[in-house]
There are 4 protein chains.
Amino acid sequence: MQRFILTLRCGDRAGIVLAAAQGIVEAEGNIVESDQFSDPPTGLFCMRICFDSPRSLDEVRRFLDSHLAQFTPLISIRLESQRRRALLMVSKIDHCLVDLLYRWNIDELSVEIPLVVSNHVDCAPIVERYDIPFVHLPVTAASKAAAETSLKELVERYRIDFIVLARYMQVLSPAFCEAMPGNIINIHHSFLPGFKGARPYRQAYERGVKVIGATAHYATGDLDEGPIIEQGVIQVTHAQSASDLVAIGRDIERTVLARAVRLQAEDRVVVAGDRTIVFSS
Amino acid sequence: MQRFILTLRCGDRAGIVLAAAQGIVEAEGNIVESDQFSDPPTGLFCMRICFDSPRSLDEVRRFLDSHLAQFTPLISIRLESQRRRALLMVSKIDHCLVDLLYRWNIDELSVEIPLVVSNHVDCAPIVERYDIPFVHLPVTAASKAAAETSLKELVERYRIDFIVLARYMQVLSPAFCEAMPGNIINIHHSFLPGFKGARPYRQAYERGVKVIGATAHYATGDLDEGPIIEQGVIQVTHAQSASDLVAIGRDIERTVLARAVRLQAEDRVVVAGDRTIVFSS
Amino acid sequence: MQRFILTLRCGDRAGIVLAAAQGIVEAEGNIVESDQFSDPPTGLFCMRICFDSPRSLDEVRRFLDSHLAQFTPLISIRLESQRRRALLMVSKIDHCLVDLLYRWNIDELSVEIPLVVSNHVDCAPIVERYDIPFVHLPVTAASKAAAETSLKELVERYRIDFIVLARYMQVLSPAFCEAMPGNIINIHHSFLPGFKGARPYRQAYERGVKVIGATAHYATGDLDEGPIIEQGVIQVTHAQSASDLVAIGRDIERTVLARAVRLQAEDRVVVAGDRTIVFSS
Amino acid sequence: MQRFILTLRCGDRAGIVLAAAQGIVEAEGNIVESDQFSDPPTGLFCMRICFDSPRSLDEVRRFLDSHLAQFTPLISIRLESQRRRALLMVSKIDHCLVDLLYRWNIDELSVEIPLVVSNHVDCAPIVERYDIPFVHLPVTAASKAAAETSLKELVERYRIDFIVLARYMQVLSPAFCEAMPGNIINIHHSFLPGFKGARPYRQAYERGVKVIGATAHYATGDLDEGPIIEQGVIQVTHAQSASDLVAIGRDIERTVLARAVRLQAEDRVVVAGDRTIVFSS
């Protein structure tokens, strides 16, 4: 028996669950987890089913396709053991990177990390400690386009499923983001849509908010505006300075980003327009 | 089209989802919400499906039974519009009662409240304001058994589905509780299993905890030990006295109890051994 | 012995605490609670001291003035038993009003509520139940100026210390707000600065945020932009509709507003520029 | 100008704040932060004042002593720059150790870590990376007493102010704990007093709680019963297995322990009977 993860999106119609259940029964499968949602604003139906089956991936795919094809869905079927491959990107601030690598190493994230890319060399020792290749890809105004081309080659060569911007301080081009929709996760160090742009903790301090937060979202062409995956918050007081907020924020950022990566790694996030549907465990 | 709520419990086997989906398709139904869980310690499979169908309740029941009977499940099918009927019980402390009636009145709870019962008369004016019958059922050591008999009659006469102990300070007998398993909700003013018994906020103060809470749980024969439905917590400090904790606790108690009532009213809670499976919306 | 509350603001200099302590000792006082803060961006020093003394208010004031006058502070000294007088304003949505009156009635708020004003009559029965005068003050474009004049007269006649906009849907004029700086509390049904303006829960839904909130802030001439007193938040998911968010938001709004009212009633909030310093209990 | 931290405990009487303020003024000091609390159950008054002064530590101490001696307080005065020295102890589970060292290295904790001690060798590489001495002190039933003697020598040789049990799985003897009261911090992987003893997440799972937590507390002779410094909690559901709870718990444990260590390092925690008074920043 092997465990499979099926995800599916299509226009909402009656009979989809039945069709999926028929395919799974034909594959001698037993459902262990099942989630679905019909999104009112988009009319999108989406489903995630986790099931055990003695059949091969090809057979399972054939059974499911034969029942589900009538709904012309976007469908993904994979073995749970064939983990998603994530490329981490970082600049100099390392708390998110350190946290992700620690969690990955104790097997908390269900993901492969075949590569870390940075526009600086500072984090190389952290990465090498885990025997993960580290690629230094410096970015200047002049080299930006060439750097993205190199990045694209790395994505292909290492068969990357999604990119995690773990406090990567360069903006990826709209074209690059749009080529990997729903597959580039950014951590914004603010509770979006509150404080976009630079120095959000300084902005939060000056506005005198009593709660700060961090937001994991998909990168799109529109900076700080992609669909939100996960947000975390914490109470603060007047007594905390802007730099205290930065320190407090580190805890939220790394926790929120790690949750988003795990959700992505387990195929639990579906983009529906500007929003996400998240099938939490 | 009418909306139906199906809940089902049985031993976990392959094919249950398919059978349910077949029954729903036969009833020309469209699934709008679906949750399921296989509980490892008990081997119990449980499912809650919300679907729209043009057929009558009897027809829908027949279609589902014909497909599902092979699994000998405990099954419940009802129209969402036929709301569960809750009996509220209260003593003198009224914040939970006031809150539940307010929420019920603005239609936040999806429940009928045909009756409020109290061992005191203090809350009568609050209840009468909403044109809900109020029954005064005093309880002494001598009258306790007779009072429970009266309560049983009220439960039958008013066709009560579940009882909510909204700070009702009398203990119901094990026999009474066991006659309505999973249908008597109590709010304990502590974060169980932390401080059982009397004066939990005083206990919490003396222990010097930094977080207090409240617990909505099913009443069983064993006081403060039934399956937990919902818990809420809040940070406190050394500066809060035991009576401050009581005041702070009121907010958690009423919120937690209201959430538990709404979950119960929407058939979202399943008891599995000493635990509950909660299909949150 | 009576309990006094002293609050003080002035430019930050050495010796203020000593001077206050000397005044209190001269008044044979015993400090029971003391908070202070030096605000870096404004250079403001502020302090709140709660102490017991056998002397009269006039004597206590004289002792403190004699020691503190050298710092030319803004100073307030009062008996804790002489409670602040709050005017509540409401339109049709009543959950905040109902909640404040309930808390006031069980003595959770340390405040007097001599009057409730509304531009509608819907809430009159709720208010009259508590034997609090209810004034209907309708507002149209034409009558707005006259209504504010009437409101000013009510504030004077009832010796109001501060106004609570408990979901009052009319905007007070900048002139009115600026005449009572730091004494008009508004509850905004959003986690500011996230979603200003109308229908914030709809905005939050459309943006797909995973946390919603509410903000109690001082009303200034600039709508939704005054200093923030208190904020509360709660996690939400894709499955909650905009109207679900409204219902969930009610719980946060009433809790956050009640906390802000209690802080204000106990002289725990100091405005420093665009921010507040809050001396929590 | 140098920054000083004064902490003081004594029986509650009038005039203590004045005396402290006089001493600070005599030392030409300017108060930057001040907290105090009178604990009703114990009658204890405690105070923490942070101030800047151009005088030497000896002079400052003399000025304060001359004014405060009449209250026979327990007093501590130190330069903020002379950081407390913490000894970390760990067994094999390393997430708390890794987190504390990371925070220490980016200067988040205001503490010196001159030594790490373990009953296993597994964590040695993590510690050596930071150039901190690592001492392997194996503990068996036979060697337990000798190991504690060695530990005591290390505490003296390295002039340790407090010990942090960062998932150290051996119980220190009551005699050892009582020799360093209020100076041994333990992290218990449960929301005390909920689940004492072994395998608390397994206990939490079996009880079906909906919130789990972790507790940083002082170690006393009585295991899992010392005064609580800090607690953190997180919502969980039926769907999380006992081992999921372990993973989720790691995040709370490391956060709660790091907060407790920072509070201790900044002299913000006072033990009052079985409770703590915590002067949060």
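Quick notes on this one:
- Test: residue in segment D:249-259 that is under 30 Å from A:Val32 (Cα atoms), in contact with a Ser or Thr (Cβ under 7 Å, 6 or more places away or on another chain) and not acidic (Asp, Glu): no
- Against the numbered list (1) buried (at least 19 other Cβ atoms within 10 Å of the Cβ); (2) more than 8 Å from every other protein chain (Cβ to nearest Cβ), D:Asp58 comes up short only at (1).
- For D:Thr42: the one exception among (1) assigned to a loop (DSSP other than H, G, I, E, B); (2) modelled with pLDDT under 95; (3) within 8 Å of another protein chain (Cβ to nearest Cβ): (3)
- Taken residue by residue, segment D:101-111 has at least one member that is polar (S, T, N, Q), within 17 Å of the chain's Cα centre (by Cα) and either farther than 24 Å from D:His189 by Cα or outside the structural domain of D:Gln264 (by TED's automatic domain parsing) (or both).
- Filter result for B:Tyr168 (assigned to a loop (DSSP other than H, G, I, E, B), of a type in the set (Phe, Trp, Tyr), in contact (Cβ under 8 Å) with a residue 24 or more places away in the chain and surrounded by fewer than 19 Cβ atoms within 10 Å (Cβ to Cβ)): no
- Some residue of segment C:157-164 being closer than 16 Å to C:Ile113 by Cα and touching a Pro at 6+ places or on another chain (Cβ under 6 Å): yes
- Considering segment B:84-130, the residues that are within 23 Å of C:Arg250 (Cα to Cα) and of a type in the set (D, E, K, R) include one that is surrounded by the most Cβ atoms within 10 Å (Cβ to Cβ), namely B:Asp99.
Conditions tested, residue by residue: (1) touching a residue at least 60 places away in the same chain (Cβ under 8 Å); (2) within 18 Å of D:Phe176 (Cα to Cα); (3) not hydrophobic (A, V, I, L, M, F, W, C).
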| site | (1), (2), (3) |
| --- | --- |
| D:Ala124 | no, no, no |
| D:Arg129 | no, no, yes |
| D:Pro138 | no, yes, yes |
| D:Ser150 | no, yes, yes |
| D:Glu156 | no, yes, yes |
| D:Phe162 | yes, yes, no |
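- Taken over segment D:173-190, the criterion of being at pLDDT below 95 and open to solvent by less than 20 Å² (accessible area, probe 1.4 Å) is satisfied by D:His188, D:Ser190.
- Sole residue being away from chain D (no Cβ under 14 Å), touching a residue at least 60 places away in the same chain (Cβ under 8 Å) and open to solvent by 40 Å² or more (accessible area, probe 1.4 Å), chosen from C:Ser76, C:Ser81: C:Ser81
- Among the residues listed as C:His95, C:His67, the single one being out of contact with any strand residue (DSSP E or B) (no Cβ under 9 Å at 6 or more places or on another chain) and closer than 17 Å to C:Ile185 by Cβ: C:His95
- Residue check, D:Asp35 open to solvent by 20 Å² or more (accessible area, probe 1.4 Å), modelled with pLDDT of 95 or more, at the interface with another protein chain (Cβ under 10 Å from one of its Cβ atoms) and assigned to a strand (DSSP E or B): no
- Per-region count, segment D:58-81, residues under 24 Å from the mean Cα position of the chain (by Cα) and either under 18 Å from D:Val32 (Cα atoms) or not assigned by TED's automatic domain parsing to the domain that holds D:Gly23 (or both): 6
- Residues of segment D:2-32 that turn out to be within 11 Å of chain C (Cβ to nearest Cβ) and either on the phi > 0 side of the Ramachandran plot or open to solvent by 10 Å² or more (accessible area, probe 1.4 Å) (or both), as a count: 13
- One residue stands out in segment C:7-32 among those that are in a strand (DSSP E or B) and over 21 Å from D:Asp39 (Cα atoms): the one that is farthest from the chain's Cα centre (by Cα), namely C:Gly11.
- Filter result for B:Asp107 (within 11 Å of another protein chain (Cβ to nearest Cβ), touching a helix residue (DSSP H, G or I) at 6+ places or on another chain (Cβ under 7 Å) and of a type in the set (D, E, K, R)): no
- If only residues of segment D:97-145 that are in a helix (DSSP H, G or I) and acidic (Asp, Glu) are counted, the one that is farthest from D:Tyr168 (Cα to Cα) is D:Glu128.
- Filter result for C:Ala86 (modelled with pLDDT of 95 or more and at the interface with chain D (Cβ under 9 Å from one of its Cβ atoms)): no
- Sole exception among (1) touching a strand residue (DSSP E or B) at 6+ places or on another chain (Cβ under 7 Å); (2) closer than 30 Å to B:Asp131 by Cβ for B:Ser110, by number: (1)
The values are calculated or read from the model by the stated rules, or taken from the named source; none is laboratory data. Bear in mind the structure is a predicted one, so any value in this text is a computation, not a measurement. Virtual Cβ from ideal backbone geometry, glycine too; neighbours counted across all protein chains shown. Heads up: the accessible areas ignore ligands, DNA and RNA and are worked out on the full protein's heavy atoms, side chains in. Shrake-Rupley method; radii C 1.70, N 1.55, O 1.52, S 1.80 Å.
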